[in-house]
Amino acid sequence: MLTTTVAAADYPSRDIRLIVPWPAGGGADAISRKLGNITEQNLPVSIYVENIAGAVTASGLMQMMRARPDGHTIGVLTYDSVITLPRGKMVPGYSLDNMTPIARITSEADAIVVSEQSGFTSFEELIEAAKAKPNSVRVGVAPRGSGPFLAVRRLEQQAGVKFNVITYPGSSSAEAEALLSGELDAAISSLGDFSGVIESGDVKGVVELSSMQNPSFPDVPPISTLGYDLETGSFILLAAPKNTPDEVIASLETSFKDAFESEEFQTWVEGVGVTPNWLGANDVQAWIDDRQSETFKVMDELGL
């Protein structure tokens, strides 16, 4: 106990390793790097990002879970980390019980984007084409069990259509490439994930799966205004290994919150179309539990 107390008092004593369980270049990677860069400006050490992709985020997070619980190794959790892996019990030894949540950083609604090559210019045109010719409209989503996969299946039910659903493991960058090459007509992920190809004009956002208007994309309507009840999305959490001292968790939470609230981060995150949505260590576990319960219920109803 004395050793733990002394270690917490000296924290941080070396650079902090931030494990991002996705390849470099995706939305989670960009947000994590930006927040880490701002956070380290007020620390005596550096925060360096290490991308360890694989096993639907488990490869990187298993390394985080097994690291010394002293706050010098932390990790990024996304939808798959909280929903897909626990639901499918896909990786032996992987458990949220082996982590201590630090904070929620963002929560983003999913959206449907279309390729310029598809010829679609609106959500209504996409649905009309799918009704006229079932299985003809090619829609890219993350693998079975993911938020976008659930979203497309729920949309099929509500709209009475059948899409040609194609799954892509890894980050949304693979879907962006498929949209550019003409392999896909549409894809589902956050608008922030597709911000680069939207800005270039190669891809257009046609609807956001939300009940609120995204101020960063005023031309993309929320799906509630089109008569659908469908809200899904992703999020980014920070966590440390289980048994990390409370004092260290509190220090990390304070440092990251200061960076989160900075004008630099708020301006940047708005520019990429991501919704900043802070939730601290005292509340994030209850939010995780509620999110799991709600999503697992939808999965049961869809037989997934």
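The values are calculated or read from the model by the stated rules, or taken from the named source; none is laboratory data. Remember, predicted model here, so these are calculated numbers, not experimental data. We place every Cβ from the backbone using ideal geometry, glycine too, and count neighbours over all the protein chains shown. For the accessible areas, the whole protein counts, side chains as well, though only heavy atoms, and no ligand, DNA or RNA atoms are used. Shrake-Rupley method; radii C 1.70, N 1.55, O 1.52, S 1.80 Å.
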| query | Amide H neighbours of L184 under 5 Å, counting only residues 5+ apart in sequence or on other chains, H built in-plane at 1.01 Å? | reply | L179
| said: Below 11 angstrom from the Cβ of D219, what's the summed charge of the other residues (Lys, Arg +1; Asp, Glu -1)? | reply: 0
| query | For the stretch 1-127, treating each Cα as an identical point scatterer without solvent, what Debye log10 I(q)/I(0) comes out at q = 0.18, 0.23 1/Å? | reply | -1.04, -1.37
| Mean shadow of the stretch 156-304, computed from the convex hull of its alpha carbons, in nm²? | 11.3
| field | Cα-based Rg / Dmax (Å) for the chain | value | 19.7, 70
| query | Which FRET efficiency value, to the nearest 0.05, is calculated for A286 and K131 with the Förster distance at 35 angstrom and r the Cβ-Cβ distance? | reply | 0.30
| message | Along the Cα→Cβ direction, 7 angstrom out, place labels at S13 and S95. What is the inter-label distance in nm? | response | 2.9
| remark: The summed charge of the E40 Cβ neighbourhood (under 15 Å; Lys/Arg +1, Asp/Glu -1) stands at +1
| Amide H within-cut-off set for I102, under 5 Å, with H built and near neighbours excluded | L238, A239, A240
| message | In whole Hz and in residue order, list the ³J(HN,Hα) couplings for the stretch 144-158 that follow from phi through the Karplus curve 6.51 cos²θ - 1.76 cosθ + 1.60, θ = phi - 60°; x for Gly and Pro. | response | 3, x, 6, x, x, 5, 4, 4, 5, 5, 5, 5, 4, 5, 6
| request: Go through D97, D15 and list them by solvent-accessible area, largest first, probe radius 1.4 Å. | output: D97, D15
| field | Potential lengthening between E294 and T121 on full extension [0.36 nm per residue; Cα-Cα distance subtracted] | value | 59.0 nm
| Local electrostatic count, R14, Cβ distance below 15 Å [Lys/Arg +1, Asp/Glu -1] | -3
| Dipole magnitude of the chain about its Cα centre, charges +1 at Lys/Arg Cβ and -1 at Asp/Glu Cβ only, in debye to the nearest 20? | 980
| Once amide H atoms are placed 1.01 Å from N in the peptide plane, what residues at a sequence separation of 5 or more from S189, or on another chain, have their amide H within under 5 Å of its amide H? | A111, V113
| note | the chain: antiparallel bridges as % of DSSP beta bridges, rounded to 5, reads 60
